[in-house]
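Peer 1: Got a structure for you, written out below as structure tokens; questions coming shortly.
The values are calculated or read from the model by the stated rules, or taken from the named source; none is laboratory data. Model, not experiment: these values are computed from the prediction. Heads up, the Cβs are rebuilt from the backbone with ideal geometry, glycines too, and the neighbour counts pull from every protein chain shown.
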Amino acid sequence: MPTFKGALVGFLVFAFSAAPAIAEPPGAWRTFKSRFVSPEGRVIDYKQGGISHSEGQGYGLLFAAAFGDRAAFERIWQWTHANLQVRKDALLAWKWVPSTANHVPDLNDAADGDILAAWALAQAGQAFHEPRWSVAAKRIAEDIRRELIRSEGGRMVLVPGTSGFASDKGVVINLSYWIFPAFPTLNALDPSPQWAALEKSGLTLLDKARFGQWKLPPDWLGISPEGKLFLPACHPQRFSYDAIRISLYLIWAGDESPARLKPYLSFWNEFAKVPFVGAWTNLNDDSIASYGPPAGFRAVRALAMASQAKLPYRPPRLSAKDDYYSSALILLTEIAARERSKR
């Protein structure tokens, strides 16, 4: 079957979980846990009304595995399994709402949360020598491939969820859900040429899905049945809070190049001297947000700049001003930078 950047890459990425635990950055994981992870293992997004979602649970699992925190991993997975893994398949319901009697009002899943959970479970299964987590990872990986990978417009695509993203106009996708560093691990769990095809199609889409003055990818992208790329009217047509993760995942996976990083750095560098604007840009009219990017966005920018210049990267400290998502981005840049330094 197709390989991922050489014959050993799948093994090396899968073996990340079996490597010695990453040294905990000064207080970062402890701070994240104390602010956003409940004693039961629920990762709380206070900015969205205190909800929990599969993305947040996935990030929590990933951090606990990466920083060698078995007790936290156990709690986060137990809560996730009991409260979100409630569908007929092994995928996760995307949202848990504390303020409603029915805490899971929508059984639809989110592909990024599913991928993060499977990836983290595989890492924890190896690192903590816990076969049941490896088994859970395999079940999720198999259902991701079965339910979420489809052919559309002549391309292999990852649909954002099992329902609600396809119509006679085509399919709407989210390129930040392509978590490139996870794909070799998912392929090791569930061997299939579809994983390599999905990685290849994602990179091709990123090279083509460039809109606006800075030629940036959108948060949400439409693909017509004929393969035409467009900005779907059902979502804000922006490079924003979702697409910020794309360059991070490219760097983490070793898929970055000067050409791929150029659009992001061109946009960020334009507003680097004006820190109070530019959190997003509208890809139709090139307007920008009147407020600045949070610390997590700036951390992703700093990682991209360090990667381009081939320099070390040091993440900022978490502060009380950083919300769940910004804090998660900072922790992700720390792990991505450490993986980058091994190459």
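Peer 1: Among the listed residues ARG260, ARG298, ARG340, identify the single one that is out of contact with any Ser or Thr (no Cβ under 7 Å at 6 or more places or on another chain) and over 30 Å from ALA233 (Cβ atoms).
Peer 2: ARG298
Peer 1: Can you confirm whether SER34 is part of a helix (DSSP H, G or I), surrounded by fewer than 21 Cβ atoms within 10 Å (Cβ to Cβ) and of a type in the set (Ser, Thr, Tyr)?
Peer 2: yes
Peer 1: A further question follows. Being of a type outside the set (A, V, I, L, M) and closer than 21 Å to SER52 by Cα is the filter here, so list the residues in region 134-171 that pass it. It would help to see each step written out before you state the result.
Peer 2: To start, the set of residues in region 134-171 that are of a type outside the set (A, V, I, L, M) comprises 134, 138-139, 142-143, 145-147, 150-155, 160-165, 167-170.
Answer for region 134-171, where residues must be of a type outside the set (A, V, I, L, M) and closer than 21 Å to SER52 by Cα: PRO160, GLY161, THR162, SER163, GLY164.
Peer 1: Where residues in region 146-168 are out of contact with any Leu (no Cβ under 9 Å at 6 or more places or on another chain) and of a type in the set (D, E, K, R), which of them is nearest to ASP207 (Cα to Cα)?
Peer 2: GLU152
Peer 1: Select from region 269-305 the residues that are of a type in the set (Phe, Trp, Tyr) and at pLDDT 95 or above and list them in ascending order. Walk me through it before giving the result.
Peer 2: Step one: filter region 269-305 for residues of a type in the set (Phe, Trp, Tyr), giving 271, 276, 280, 291, 297.
Those that are of a type in the set (Phe, Trp, Tyr) and at pLDDT 95 or above: TRP280, PHE297.
Peer 1: Looking only at region 219-231, filter to residues that are touching a Gly at 6+ places or on another chain (Cβ under 8 Å) and of a type in the set (A, V, I, L, M, F, W, C); which one of those is surrounded by the fewest Cβ atoms within 10 Å (Cβ to Cβ)?
Peer 2: PHE230
Peer 1: Scan region 300-323 for residues that are under 24 Å from PHE267 (Cα atoms), touching a Lys or Arg at 6+ places or on another chain (Cβ under 9 Å) and not acidic (Asp, Glu) and jot them down.
Peer 2: VAL300, ALA302, LEU303, ALA306, SER307, GLN308, TYR313, PRO316
Peer 1: Are any residues in region 37-64 in a helix (DSSP H, G or I) and either crowded, with 24+ Cβ neighbours inside 10 Å or touching a Gly at 6+ places or on another chain (Cβ under 9 Å) (or both), and if so, which ones?
Peer 2: Narrowing region 37-64 to residues in a helix (DSSP H, G or I): 46-48, 54-64.
Hits for region 37-64 are SER54, GLU55, GLY56, GLN57, GLY58, TYR59, GLY60, LEU61, LEU62, PHE63, ALA64.
Peer 1: Please go through region 247-287 and pick out each residue that is farther than 28 Å from ARG338 by Cα, buried (at least 20 other Cβ atoms within 10 Å of the Cβ) and out of contact with any helix residue (DSSP H, G or I) (no Cβ under 9 Å at 6 or more places or on another chain).
Peer 2: LEU283 - this is the single residue of region 247-287 that is farther than 28 Å from ARG338 by Cα, buried (at least 20 other Cβ atoms within 10 Å of the Cβ) and out of contact with any helix residue (DSSP H, G or I) (no Cβ under 9 Å at 6 or more places or on another chain).
Peer 1: Return the total of residues in region 65-90 being farther than 26 Å from GLU147 by Cβ, aliphatic (A, V, I, L, M) and either crowded, with 19+ Cβ neighbours inside 10 Å or at pLDDT below 95 (or both).
Peer 2: The total comes to 2.
Peer 1: I'm trying to understand the selection: among the residues of region 89-107, which are in contact with a Leu (Cβ under 9 Å, 6 or more places away or on another chain) and over 16 Å from ASP45 (Cβ atoms)?
Peer 2: Correct list: LEU91 only.
Peer 1: A follow-up question, please. How many residues, within region 204-218, are buried (at least 17 other Cβ atoms within 10 Å of the Cβ) and in contact (Cβ under 8 Å) with a residue 40 or more places away in the chain?
Peer 2: Residues flagged as buried (at least 17 other Cβ atoms within 10 Å of the Cβ) and in contact (Cβ under 8 Å) with a residue 40 or more places away in the chain within region 204-218 amount to 8.
Peer 1: Quick one: is GLY161 out of contact with any Lys or Arg (no Cβ under 9 Å at 6 or more places or on another chain) and modelled with pLDDT under 95?
Peer 2: no
Peer 1: Quick test for you: out of GLU226, GLU199, pick the one residue that is at pLDDT 95 or above and not aliphatic (A, V, I, L, M).
Peer 2: Step by step, each of GLU226, GLU199 is checked, and only GLU199 is at pLDDT 95 or above and not aliphatic (A, V, I, L, M).
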